[in-house]
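Peer 1: Pasting a structure below so you can have a look.
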Amino acid sequence: MAPEPKSFFLSAELHRYLLEHGTPPDPLQRELIEETAALGGIAMMQIAPEQGAFMTMLTQLARARRAIEIGTFTGYSALAIARGLPRDGQLLCCDVSEEWTAIARKYWEKAGVADRVELRLGPALDTLAALPAEPTFDLAFIDADKGNYPGYYEGVLTRMVPNGVILIDNVLRGGAVIDRNANDDDTNAMRAFNKLVAGDDRVDTVMLPVADGLTLARKR
């Protein structure tokens, strides 16, 4: 499982040690990892096991009741968040793929958290625009197309309660954000987005070397 660490700065041996000394994926999560891996190269979009454990714990520590996720894929991150919510908690998932989220739905059912998850298919910017404008969410996770990160961030931030936390994935882009020779659209978009968040006085932020880089932004 996870032979190639998503934390690009870790050796395979150190990554294995890290996993062995934290809460490991349970059999259901391992099954989801394996089914996602069978999809081929696209499986790289799944979050790392240690990131999932971190997100479950953070959801619990924040005592989050209402959460939103932008980018669901096969559902590992949503499963991690949903498991950290109380029984009456609610997670709104936004994605565009019926095929990938069909896998997610199956595992939410198996995990007994399907009643905590609402999936809305369609462009996430449209889903966000249709939501009530008032602050509602305690926790958010953004892991979708990088060019739209600013729009997702703004749409989520305005709907976060004070002290609500936004988690933003892939902020290091495998180290490409500091590589002057990396000028692809996604890397340039991430550099600009990271600068935007770092300068946003509405939030306190910390960028963590978790998996491919994870920024936490707490709404003031």
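Peer 1: Which members of segment 1-34 meet the condition of being of a type outside the set (A, V, I, L, M, F, W, C), modelled with pLDDT of 90 or more and open to solvent by less than 30 Å² (accessible area, probe 1.4 Å)?
Peer 2: Pro25, Gln29 - these are the residues of segment 1-34 that are of a type outside the set (A, V, I, L, M, F, W, C), modelled with pLDDT of 90 or more and open to solvent by less than 30 Å² (accessible area, probe 1.4 Å).
Peer 1: Looking at (1) touching a residue at least 12 places away in the same chain (Cβ under 8 Å); (2) open to solvent by 30 Å² or more (accessible area, probe 1.4 Å); (3) among the acidic types (Asp, Glu), find the lone condition where Asp95 falls short.
Peer 2: For Asp95, the exception is condition (2).
Peer 1: Let me ask something else about it. Could you list, in sequence order, all residues of segment 202-220 that are surrounded by 14 or more Cβ atoms within 10 Å (Cβ to Cβ) and farther than 17 Å from Gly155 by Cβ?
Peer 2: From segment 202-220, those surrounded by 14 or more Cβ atoms within 10 Å (Cβ to Cβ) are 203, 205, 207-208, 210-219; that's our starting set.
The answer is Thr205, Met207, Leu208, Val210, Ala211, Asp212, Gly213, Leu214, Leu216, Arg218.
Peer 1: How many residues does segment 161-216 hold that are of a type outside the set (D, E, K, R) and closer than 17 Å to Lys146 by Cα?
Peer 2: Let us first name the residues in segment 161-216 that are of a type outside the set (D, E, K, R), namely 161-168, 170-172, 174-178, 181-183, 187-190, 192-194, 196-199, 203, 205-211, 213-216.
Remaining after also requiring closer than 17 Å to Lys146 by Cα: 166-168, 170-172, 174-178, 182-183, 187-190, 192-194, 196-198, 207, 211, 213-216.
Selection size over segment 161-216: 29.
Peer 1: Just one of (1) among the hydroxyl-bearing types (Ser, Thr, Tyr); (2) in contact with a Cys (Cβ under 9 Å, 6 or more places away or on another chain); (3) open to solvent by less than 10 Å² (accessible area, probe 1.4 Å) trips up Thr187, so point out which.
Peer 2: (2)
Peer 1: Restricting to segment 114-137, what's the tally of residues that are open to solvent by less than 60 Å² (accessible area, probe 1.4 Å) and within 21 Å of Leu58 (Cβ to Cβ)? If you could, list the steps in order and put the result at the bottom.
Peer 2: Step one: list which residues in segment 114-137 are open to solvent by less than 60 Å² (accessible area, probe 1.4 Å), which gives 114, 116-117, 119, 122, 124, 127-128, 131, 136-137.
Next cut, within 21 Å of Leu58 (Cβ to Cβ) only: 116-117, 136-137.
Total satisfying the criteria: 4.
Peer 1: Hey, does segment 23-45 have a residue that's touching a residue at least 40 places away in the same chain (Cβ under 8 Å) and among the charged types (D, E, K, R)?
Peer 2: Checking segment 23-45: at least one residue is touching a residue at least 40 places away in the same chain (Cβ under 8 Å) and among the charged types (D, E, K, R).
Peer 1: Next question. I'd like the residue in segment 46-70 that is of a type in the set (A, V, I, L, M, F, W, C) and without any contact (Cβ under 8 Å) to a residue 40 or more places away in the chain and, out of all such residues, is surrounded by the most Cβ atoms within 10 Å (Cβ to Cβ). First the steps, then the outcome.
Peer 2: At the first step, the residues of segment 46-70 found to be of a type in the set (A, V, I, L, M, F, W, C) are 47-48, 53-55, 57-58, 61-62, 64, 67-68, 70.
Narrowing the set further to residues that are without any contact (Cβ under 8 Å) to a residue 40 or more places away in the chain leaves 53, 57, 61.
Details: Ala53: 17, Met57: 14, Leu61: 10.
In this case the residue turns out to be Ala53.
Peer 1: With the requirement that a residue be in contact (Cβ under 8 Å) with a residue 60 or more places away in the chain, under 18 Å from the mean Cα position of the chain (by Cα) and either open to solvent by less than 10 Å² (accessible area, probe 1.4 Å) or more than 24 Å from Arg66 (Cβ to Cβ) (or both), what does segment 165-184 give you?
Peer 2: Of all residues in segment 165-184, those in contact (Cβ under 8 Å) with a residue 60 or more places away in the chain come to 165, 167, 169, 172, 174-175.
From what is left, the residues that are under 18 Å from the mean Cα position of the chain (by Cα) are 165, 167, 169, 172, 174.
Within segment 165-184, Leu167, Asp169, Leu172, Gly174 qualify.
Peer 1: Consider Phe73 against the criteria (1) out of contact with any Leu (no Cβ under 8 Å at 6 or more places or on another chain); (2) closer than 23 Å to Gly164 by Cα; (3) surrounded by 18 or more Cβ atoms within 10 Å (Cβ to Cβ): it satisfies all of them except one. Which criterion is unmet?
Peer 2: (2)
Peer 1: While we're here: Could you check segment 138-156 and list, in sequence order, the residues that are surrounded by 17 or more Cβ atoms within 10 Å (Cβ to Cβ), within 15 Å of the chain's Cα centre (by Cα) and of a type outside the set (Val, Ile, Thr)?
Peer 2: Asp138, Leu139, Ala140, Phe141, Asp143, Ala144, Lys146, Asn148, Tyr149, Tyr152, Tyr153
Peer 1: Considering each residue of segment 96-135, count those that are charged (D, E, K, R) and closer than 15 Å to Leu32 by Cα, and give that number.
Peer 2: 5
Peer 1: OK, next. Could you please tell me which pairs satisfy a Cβ distance under 8 Å, a separation of 6+ or placement on different chains, a first residue in segment 113-139 that is over 21 Å from Ile103 (Cβ atoms), and a second residue that is of a type in the set (Lys, Arg) and open to solvent by 70 Å² or more (accessible area, probe 1.4 Å)?
Peer 2: Thr136/Arg66; Phe137/Arg66; Asp138/Arg63; Asp138/Arg65; Asp138/Arg66; Leu139/Arg66
The values are calculated or read from the model by the stated rules, or taken from the named source; none is laboratory data. Computed from a prediction, not measured in an experiment: that's the story for all the values here. Note that each Cβ is placed from the backbone with ideal geometry, even for glycine, and that neighbours are counted across all protein chains shown. Surface accessibility is based on the protein's heavy atoms, side chains included, excluding ligands, DNA and RNA. Shrake-Rupley method; radii C 1.70, N 1.55, O 1.52, S 1.80 Å.
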